[in-house]
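Take a look at the structure below.
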RNA sequence: CGGGGCGUAGCUCAGCCUGGUAGAGCACACGGUUCGGGACCGUGUGGUCGGAGGUUCAAAUCCUCUCGCCCCGACCA
């Protein structure tokens with residue numbers, strides 16, 4: 001392809017709305033163009049990288065035994081009502097009506113459709129397992145899209161779904177998908193980690209996320225040298241040290257103390273000469289079905305996802321000040337578990353391990369001290385609802401956990417019968433018994449993976465594409481288009497490279513050398529062939545690598561062969 | 001949805017506080033000089049200042065409403 005024909009428009013400055021590096025660079029390199037919040041055009045250059053990733057994904061999915069199909073974007077409401085998600089999915093589901101006032105949605109994911117496809121064809125254990133995938137545009141009406149392709153509302157996703165007659169069969173497919181994902185991200189040259197994850201509103205019993213490690217990642221993960229890794233939402237800690245001894249002599253019974261205007265644990269702790277770890281932090285939350293009260297130790301933070309799961313809720317948020325007042329009869333900051341009625345109280349195990357504690361008195365400007373969990377109050381539920389911190393002991397080996405940030409590029413789930421049961425996707429087993437199929441689903445963010453690759457591979461000049469994702473592997477750069485000899489060598493070399501099947505972009509523009517070099521660095525072609533006046537006079541051209549900036553001079557006649565060698569030898573990454 | 005901020009030329013921004021002729025750089029067109037790391041000089045094209053209403057002799061500027069976008073939180077591939 002010739003640059004002059006390729007519809008490439010680079011930007012000299014960062015677009016005003018770009019925040020993260022991948023967004024800035026992809027916009028400047030002329031790869032993406034924003035149409036509306038979270039909705040992007042993939043310009044020709046960006047689309048080439050997307051397509052390269054798609055090709056890798058297709059190869060690896062095929063290797064893992066998955067078969068490609070394409071499902072509709074627009075889906076009838078009935079299917080979603082059958083699965084129960086029409087109501088559960090909430091506002092992220094973009095709902096539409098057709099001219100007959102029939103309800104549809106733009107698919108944010110395709111469990112319902114694929115389940116419908118399979119249930120209408122598969123009736124026997126003999127037809128199982130089935131594994132299907134597609135690469136397709138999804139729409140999720142995210143509350144806050146941001147960071148370019150990292151969190152769009154409209155985005156490309158590879159989604160695969162598997163159907164099984166046994167959990168052993170599901171395990172097998174799950175492992176095959178995990179391997180496929182590992183191969184995909186390895187082939188893209190990404191540094192990633194697979195961690196245990198919460199299943200969110202997709203549902204199911206077990207799931208893993210694939211995280212590309214990056215400072216700008218939106219997710220926090222914990223990792224241990226022993227191999228344990230988990231999203232913080234899911235992460236557990238091993239046995240924790242107990243709270244330090246209660247200072248001074250212990251009160252026999254809870255005593256109310258006056259704590260005027262002190263509403264935060266650190267403030268009250270300092271005022272009473274106690275440590276935050278001696279406190280029971282009490283938070284009122286509101287779920288889709290009830291108000292509830294969560295208790296964690298004063299130096300811990302609440303993990304809302306764990307609490308949501310413990311309560312069996314689909315949505316959860318901290319209650320507003322007025323609602324806190326209603327539940328506790330006190331202003332925010334003085335809530336405690338003693339004497340509460342009409343709400344479920346969930347306590348973290350660390351709270352129950354406190355010998356003595358201090359906590360809010362549900363009365364303005366008062367706290368209790370000398371509270372004994374289990375004696376002075378009894379929670380309705382004891383569950384791990386604590387947010388793991390860096391340095392906590394690993395639940396497997398006890399070594400300190402490390403906290404990292406990552407970009408979630410893939411997520412695989414064991415769904416079990418979450419969709420097959422309500423949607424009656426069943427088969428007859430060997431004994432002629434009707435059974436719901438056991439399902440798995442496997443998502444991979446295409447655009448997000450490409451953006452993650454940019455996050456991990458760039459410098460001050462621009463993108464440094466890993467070879468497999470580069471829009472073009474090679475740029476042929478004609479420094480002096482107005483010098484006939486240089487133009488002639490460039491054209492000839494371009495012809496040779498094209499004939500040899502090299503993925504090359506030829507910068508034939510009538511621009512100064514500097515402009516071309518800047519653009520080449522910004523876009524980040526892994527390999528560059530520079531044809532200039534001096535070189536041509538001496539019978540050679542220059543080949544350089546974007547990643548390490550190394551240059552080598554080769555004879556004009558050998559250039560095309562040398563390029564092919566470099567690409568084939570894996571010297572370019 | 002809560003909190004903060006921004007909408008002025010294709011892009012990045014100044015002007016707004018203190019109302020009175022709409023600006024710069026880049027890009028684009030033409031001419032000239034330049035030509036291996038985003039050249040220089042000259043000339044030129046391009047704007048209903050996001051939209052609606054109001055105040056005023058006069059509004060990009062002040063007020064009200066509205067739409068869009070960005071950042072921080074809840075959601076997620």
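Against chain A, whose longest principal axis is taken from its Cα atoms, helix A:44-63 shows a tilt of about 70°.
A Förster distance of 22 Å, applied to the separation of the beta-carbon atoms of residue A:564 and residue A:491, puts the FRET efficiency at 0.75. Relative to the longest principal axis of the Cα atoms of chain A, the long axis of helix A:446-456 makes an angle of roughly 80 degrees.
Here segment A:22-69 and segment A:468-506 have alpha carbon centers that stand 25 Å from each other. The length gained by stretching the chain between residue A:77 and residue A:538 to full extension, at 0.36 nm per residue less their Cα-Cα distance, is 158.9 nm. Short-range pairs are left out: with C-alpha atoms under 8 Å and at least six residues apart, the relative contact order of chain A is 16 percent. For segment A:55-149, the square roots a ≥ b ≥ c of the C-alpha gyration tensor eigenvalues yield an a/c of 1.5 or more together with a/b not exceeding b/c, which makes the shape oblate.
Projection of the Cα convex hull of chain A, averaged over all directions and equal to a quarter of that hull's surface, yields 33.2 nm². More than 12 angstrom separation, counting every C-alpha pair in segment A:17-71; what % is that? Tail fraction, whole percent: 71.
Residues A:510, A:384 in ascending order of nearby Cβ atoms (within 10 Å, fewest first): A:510, A:384.
When the helices of chain A are scored as -39500 (n - 2.57) per DSSP H run of n ≥ 4 and the total is divided over every residue, the value at 222 nm lands at -8000 deg cm²/dmol.
By other beta-carbon atoms within 10 Å, ranking A:441, A:73 with the fewest at the front produces A:73, A:441. Rounded to a whole number of µm²/s, how large is the Stokes-Einstein D of segment A:353-449 at 20 °C and 1.002 mPa s, given Rh as the Kirkwood radius over C-alpha pairs? In µm²/s, the coefficient is 109. The label point for residue A:510 and the one for residue A:121, both projected 7 Å from the Cα toward the Cβ, are 5.6 nm apart. Take the Cα of residue A:430, step 7 Å toward its Cβ, do the same at residue A:36, and the gap between the two points is 5.5 nm. Based on alpha-carbon atoms, the Kirkwood radius and the radius of gyration of segment A:472-568 give Rg/Rh equal to 0.91. Exposure proxy ranking for A:281, A:326, based on other Cβ atoms within 10 angstrom of each Cβ and starting from the fewest, stands as A:326, A:281. Based on Cα contacts under 8 Å between residues 6+ apart, segment A:197-275 shows a relative contact order of 20 percent. Rounded to the nearest 0.05, what FRET efficiency do residue A:372 and residue A:16 give with R0 = 60 Å and r taken as the Cβ-Cβ distance? Could you check? That pair, residue A:372 with residue A:16, gives E of 0.55.
The shape of segment A:377-531 comes out oblate: with a ≥ b ≥ c from the C-alpha gyration tensor, a/c is at least 1.5 while a/b does not beat b/c.
When the Cα atoms of segment A:255-382 are aligned to their principal axes, the ranges along those axes come out at 40, 30, 22 Å in descending order.
Where a number appears in this text, it was derived from the coordinates with a stated rule and is not lab data. Bear in mind the structure is a predicted one, so any value in this text is a computation, not a measurement. Neighbour counts are summed over all protein chains in view; Cβ atoms, including those assigned to glycine, are modelled from backbone coordinates with ideal geometry.
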